[in-house]
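The values are calculated or read from the model by the stated rules, or taken from the named source; none is laboratory data. What you see is a predicted model, and the numbers here were worked out from it, not measured in a lab. Cβ: placed from backbone, ideal geometry, glycine included. Neighbour counts: every protein chain shown.
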Amino acid sequence: MRNLVWGFLCFILFYSCKKESGCGYSDNNIVAPASEQQAVKSYLDSMNAYAAVKDPAGFYYEVFEAGDGGNPGLCSQVEVTYTGKLTTGVVFEQKSTAFTLGSTIEGFRKGMALIKKGGHVKLYIPPTLAYGSKDIKDDTGKVIIPANSILIFDITLTAFY
């Protein structure tokens with residue numbers, strides 16, 4: 001009986017601590033397939049972007065400014081200014097906004113861990129770490145990000161909480 005009570009108390013303690021500190025997001029440990037990694041590398045080579053570094057997850061990045069302080073986590077509310085574009089040069093989004101980091105695409109999530117407040121990074125994200133084989137449409141139904149697209153984000157992290 002004592003072990004049952006002790007086990008129940010440990011469960012309650014663990015669950016309450018987890019509930020207070022967790023936001024429901026976790027690292028998915030997704031890695032882009034070699035073919036997508038090679039497609040990003042080929043794009044970078046064609047653009048003479050030889051300074052881009054490959055992350056183990058398969059996206060590439062260039063850190064222009066590291067920033068100061070700590071790094072945002074998946075549960076952080078981030079404030080960013082960014083431009084998102086396709087490899088064709090078409091800009092699909094450009095804005096300043098705030099959101100919970102864990103709520104966005106995997107490549108963006110992983111790339112934000114590379115900078116701190118005030119940091120500036122450029123991410124080259126393969127489809128598996130973005131929207132994969134899914135078309136992304138605007139409010140009118142027009143496709144703004146075609147399926148299997150490599151995405152390029154130029155991001156400045158202005159703040160996080």
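With respect to PHE108, is the statement that it is hydrophobic (A, V, I, L, M, F, W, C), modelled with pLDDT of 95 or more and surrounded by fewer than 17 Cβ atoms within 10 Å (Cβ to Cβ) true? Reasoning before the result, please.
Working: hydrophobic (A, V, I, L, M, F, W, C): yes; modelled with pLDDT of 95 or more: yes; surrounded by fewer than 17 Cβ atoms within 10 Å (Cβ to Cβ): no.
Answer is no for this residue.
Every test in (1) of a type outside the set (Val, Ile, Thr); (2) surrounded by fewer than 21 Cβ atoms within 10 Å (Cβ to Cβ); (3) farther than 13 Å from ALA32 by Cα is passed by TYR131 save one, and that test is (3). Applying a threshold of 9 Å to beta carbon distances and a minimum spacing of six or more residues, or different chains, the list of pairs starting in region 26-43 at a residue that is in a loop (DSSP other than H, G, I, E, B) and ending at one that is modelled with pLDDT under 95 and β-branched (Val, Ile, Thr) is empty. For GLY111, are the conditions met, namely being part of a loop (DSSP other than H, G, I, E, B) and either within 25 Å of SER26 (Cβ to Cβ) or not charged (D, E, K, R) (or both)? It is false that GLY111 is part of a loop (DSSP other than H, G, I, E, B) and either within 25 Å of SER26 (Cβ to Cβ) or not charged (D, E, K, R) (or both).
Between THR158, THR140, the distinction of being assigned to a strand (DSSP E or B), surrounded by fewer than 19 Cβ atoms within 10 Å (Cβ to Cβ) and polar (S, T, N, Q) belongs to THR158 only. A residue that is of a type in the set (A, V, I, L, M), modelled with pLDDT of 95 or more, outside any helix (DSSP H, G or I) and over 14 Å from PHE153 (Cα atoms) occurs somewhere in region 79-101. Scanning region 55-94 for residues that are under 24 Å from PRO146 (Cβ atoms), in contact with a strand residue (DSSP E or B) (Cβ under 7 Å, 6 or more places away or on another chain) and loosely packed, with under 15 Cβ neighbours inside 10 Å yields VAL91, GLN94.
Looking across THR140, THR87, THR158, one residue alone is among the polar types (S, T, N, Q) and within 27 Å of GLY24 (Cα to Cα). It is THR158.
When region 114-128 is filtered for residues that are outside any strand (DSSP E or B) and more than 18 Å from SER35 (Cβ to Cβ), the ones remaining, listed by number, are LEU114, ILE115, LYS116, GLY118, GLY119.
Look at region 137-154: where a residue is farther than 19 Å from PHE108 by Cα and a partner is in a loop (DSSP other than H, G, I, E, B) and not small (Gly, Ala, Ser), sitting 6+ places away or on another chain with Cβ atoms under 7 Å, you get VAL143/ASP135.
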